[in-house]
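First comes the structure, then the notes that go with it.
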Amino acid sequence: TAGGAGVAFALVAVGFALALAREAHSQTGGSVAAAELARPPDVDRWITVGVTVRLDRQDHTTPRQMRQVLMAPDAYEDFVRTRRYADGTAFAVNFYALAHNTSHTPPLYHAADAEAFAMEVIDRAHPDGRRFYTFAPGETRAAPLPAGNACAACHNAQGSFDGTFAHMYPALARYTTDD
């Protein structure tokens, strides 16, 4: 549905906003950009911390979208060392349509066309504790979503670790427990 697509795009944007903010933080010597954020040119080399698959809204048995969550390498190393997110930590989210490949036994789904890109940047001075950025297709810059946006509300209400879904991402989950 059109509403579902809008929500999906907003969620993608949030993930990407985090990554962009982290890039802005590293490029400005620690100052988190509150205005537009540039898409990091090296995001394809960031650490994939996890992947989730969104099911179709009407048929909850059919996969519809894959979301790849990435973290800036320096932010990931800092997180592993300290077990916390530094202010300016950036996450990026690539949203992909899914393709069904029946040439394998059993059949499998894989990423197809890119649908969206978003970033989330930890910003403890912001009322939401983070900023989300959604990038329009083909755009390299994005403005932050307003305070109280749906992405921030969901993250702050349901995030398992500092407003993030770290429990869903193997590369983060093992560092968020007291084991």
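Things worth noting here:
- Where the alpha-carbon atoms of the range 47-179 are placed on the principal axes, they occupy 49, 38, 27 Å, in descending order.
- Carbon plus sulfur fraction of accessible area for the range 87-179, probe 1.4 Å, in percent: 53 percent
- For the range 36-106, the extents of the C-alpha atoms along the principal axes are 41, 29, 25 Å, listed from largest to smallest.
- The trypsin sites (Lys or Arg not before Pro) of the range 53-117 that DSSP puts in a loop, and whose beta carbon has at most 16 other beta carbons within 10 Å, are ARG57, ARG83, ARG84.
- Cα centroid separation - the range 102-168 against the range 62-96, whole Å: 9 Å
- Computed over protein heavy atoms with a 1.4 Å probe, the accessible surface of the range 111-179 works out to 50 Å² per residue.
The values are calculated or read from the model by the stated rules, or taken from the named source; none is laboratory data. All figures in this text were calculated on a predicted structure; none of them were measured in a lab. FYI the Cβ positions are ideal-geometry reconstructions off the backbone, even for glycines, and counts take in every protein chain you see. The accessibility values were calculated without ligands, DNA or RNA, using every heavy atom of the protein model including side chains. Shrake-Rupley method; radii C 1.70, N 1.55, O 1.52, S 1.80 Å.
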